[in-house]
Amino acid sequence: MILTKAKEEQIPALVDISIAAFESDIAVGALKAGGPPEYNSIGWHIEMMNQGHLFAAMEKDTVIGGAILFGDANNEAFMYVGRIFISPHLFRKGYGMQLMEQIERMNPKVTMWCLDTPVWNNRTNSFYKKIGYVEKNRDDEMVYYQKIIHG
């Protein structure tokens, strides 16, 4: 799997995968089908691409997932993982781990990673812990994770 900056022709596939991935959360505790804000919006994904935040996970010539990443212009050692998503038919086959490894590899100066995920989502909470994220805080809706990489 290779992670690259998203291209406009990949947006429809990325949005379709985002919809399928986030709406599959109904099977792991979501009260209804849905996802994070704008998960199903072509316009928003285009905006994220234009701002340099949207990445496409590719297996050969096929889009299999994506990521939205936010760096800090004042601190190159910090990165916020806005979201990641993999096509549901590839769940539990190591692609999520590969995606996160690619994200870290392509950002070697980043030593502090942050992200959040819903409290009710057992799948994502166990996944992030498995790959080295530590819970730093939580509220009624979200669990906030951090991963420090010591160079």
If we take the stretch 104-151, then strands (runs of 3 or more DSSP E) inside it with 2 or more residues that are over 16 Å from the mean Cα position of the chain (by Cα) are 134-138
Across the stretch 97-117, the tally of residues that are closer than 20 Å to Ala57 by Cβ, of a type in the set (D, E, K, R) and open to solvent by less than 60 Å² (accessible area, probe 1.4 Å) stands at 1
Q) Can we say Gly34 is under 15 Å from the mean Cα position of the chain (by Cα) and either within 20 Å of Asp116 (Cβ to Cβ) or not in a helix (DSSP H, G or I) (or both)? A) no
Margin query: For the structure I just gave you, tell me whether Ala20 is free of Cβ contacts under 8 Å to residues at least 12 places away in the same chain and either in contact with a Lys or Arg (Cβ under 7 Å, 6 or more places away or on another chain) or of a type in the set (Gly, Ala, Ser) (or both).
Written below: no
| said: So for the stretch 118-135 (the condition being among the aliphatic types (A, V, I, L, M), surrounded by 14 or more Cβ atoms within 10 Å (Cβ to Cβ) and farther than 19 Å from Met1 by Cβ), does at least one residue qualify? | reply: yes
The correct count of residues that are part of a helix (DSSP H, G or I) and open to solvent by less than 20 Å² (accessible area, probe 1.4 Å) in the stretch 37-71 is 2
Restricting the stretch 79-90 to residues that are at pLDDT 95 or above and open to solvent by less than 50 Å² (accessible area, probe 1.4 Å), the one farthest from Glu38 (Cα to Cα) turns out to be Met79
Of the residues in the stretch 72-85, those that are more than 12 Å from Cys114 (Cβ to Cβ), out of contact with any strand residue (DSSP E or B) (no Cβ under 7 Å at 6 or more places or on another chain) and assigned to a strand (DSSP E or B) come to Glu76
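This table checks each residue for (1) modelled with pLDDT under 95; (2) out of contact with any helix residue (DSSP H, G or I) (no Cβ under 7 Å at 6 or more places or on another chain); (3) within 18 Å of Glu104 (Cβ to Cβ).
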| position | (1), (2), (3) |
| --- | --- |
| Asp16 | no, yes, no |
| Glu23 | yes, yes, no |
| Ile26 | yes, yes, no |
| Ala30 | yes, yes, no |
| Trp44 | no, yes, no |
| Thr62 | no, yes, no |
| Ala67 | no, no, yes |
| Asn74 | yes, yes, no |
Across the stretch 2-28, the tally of residues that are open to solvent by less than 40 Å² (accessible area, probe 1.4 Å), farther than 18 Å from Tyr80 by Cα and part of a loop (DSSP other than H, G, I, E, B) stands at 0
Scanning the stretch 66-91 for residues that are under 26 Å from Pro12 (Cβ atoms), of a type outside the set (Gly, Ala, Ser) and within 15 Å of the chain's Cα centre (by Cα) gives Ile68, Leu69, Phe70, Tyr80, Val81, Arg83, Ile84, Phe85, Ile86, Pro88, Leu90, Phe91
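The values are calculated or read from the model by the stated rules, or taken from the named source; none is laboratory data. Keep in mind it's a predicted model, so treat the numbers as computed, not measured. We place every Cβ from the backbone using ideal geometry, glycine too, and count neighbours over all the protein chains shown. With ligands, DNA and RNA removed, areas are computed over all heavy atoms of the protein, side chains included. Shrake-Rupley method; radii C 1.70, N 1.55, O 1.52, S 1.80 Å.
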